[in-house]
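Structure first, then comments.
The values are calculated or read from the model by the stated rules, or taken from the named source; none is laboratory data. Here the structure is a predicted model, which means the values were calculated and not measured. Cβ: placed from backbone, ideal geometry, glycine included. Neighbour counts: every protein chain shown.
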Amino acid sequence: MSNKVSIIGAGSWGTTLAIILSQKGIEVTLHSVFKEHNLAMQRERINALFLKGVKFPSNLIISPSLETALENQIVIIAIPAKFVRKICTTIKKHKISLKNKIFVSVSKGIEAKSLKRVSEIIREELGRVDIAVLSGPNIAQEIVSGIPSTTIIACKDKKIGKRLQLLFTSSAFRVYLHEDLVGVELGGAIKNIIAIACGISDGLGFGTNTKAAIVTRGLAEIARLGKKLGAMPQTFWGISGIGDLVTTCFSPYSRNRSVGEQIGKGKKLKEVIAKMSMVAEGVETVKSAFTLSKKIDVDMPITRQVYAVLYQNKSPQKAVSDLMRRPLKKEKVG
């Protein structure tokens, strides 16, 4: 059975996966959605835009052709969630047979218009293809450096899940199996919102007490939403839940935490985003989560305040005050 892999999306995470799989001797084709980016990577053998200073293995293939990239059986979708539907539509236009193909989503977000998870978008656009989700506390710069890390591969088909577990596992990258796609995807998406909140706390000069409160109450929000949408509650206490949440809220590499920090220091969202070369998924996801929480009647106070700060011109100080002054209640974690 062939383990040739295509990766659609050459951001820092897609490129990192391409490198670590190639280092295992797996044939990997990396495709950027930007033509000139493909040509630059072919010429320079590095991803100067998103992963500076890391040389490509000699066996890593860069393909400017999406059609050529899609010839491999395993296809990893590594682009921001808001662009996934568009790339799926493009894949359909090429009219390539999707029979026996396995799609692996590593995107962390919820589509704003449909309020759907990435795996749902892929299934809706491409039909009954096999889908898995890879998600966890995975900072690209650490993993490409060989720092010991873990992640989750979630898949309904246990045979495919086991195959992907073996594919991605290396001496420094330990992969655990899971069957809860809903929980794993929601944990990966909503934690970015909580990371923005933690960044705002950092920007305001608050301390560890505050961040601990945001992380724990943020986890409660994620669990409440997940439970309402059919996720397994225990998923959120694992690697793709609290593991990913803690990493994203505390890591200096976290784009979402960094966005929040700049907002906490008084900058406006448009100003912050304009200076970023990579996407902070939480900026879009907060709109989706805010709308979804209202639609299905789930209380998400931190998400609500982050939305108000980013999109309703509410001051971070007022958001903090409103969170602290809410009616007192018994602690619930889900």
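Observations on the model:
- Applying the condition of being polar (S, T, N, Q) and assigned to a helix (DSSP H, G or I) to region 285-321 and asking which residue is surrounded by the most Cβ atoms within 10 Å (Cβ to Cβ) yields Thr285.
- Applying the criterion of being among the small types (Gly, Ala, Ser) and closer than 30 Å to Ile110 by Cβ to the residues of region 29-64, the residue that is nearest to the chain's Cα centre (by Cα) is Ser32.
- Within region 1-96, strands (runs of 3 or more DSSP E) holding 3 or more residues that are of a type in the set (A, V, I, L, M, F, W, C): 5-8, 74-77
- Some residue of region 243-259 being touching a helix residue (DSSP H, G or I) at 6+ places or on another chain (Cβ under 7 Å), modelled with pLDDT of 95 or more and basic (Lys, Arg): yes
- Checking Gly187, Gly199, Gly205, Gly218 one by one, the residue that is exposed (fewer than 15 other Cβ atoms within 10 Å of the Cβ) and under 30 Å from Ser277 (Cα atoms) is Gly205 and no other.
- Restricting region 107-165 to residues that are small (Gly, Ala, Ser) and in a helix (DSSP H, G or I), the residue that is nearest to Ala195 (Cα to Cα): Ala140
- Residue check for Met276: under 20 Å from the mean Cα position of the chain (by Cα) and at pLDDT below 95: yes
- Filter pass, Ile193 being within 21 Å of Leu269 (Cα to Cα) and touching a Gly at 6+ places or on another chain (Cβ under 6 Å): yes
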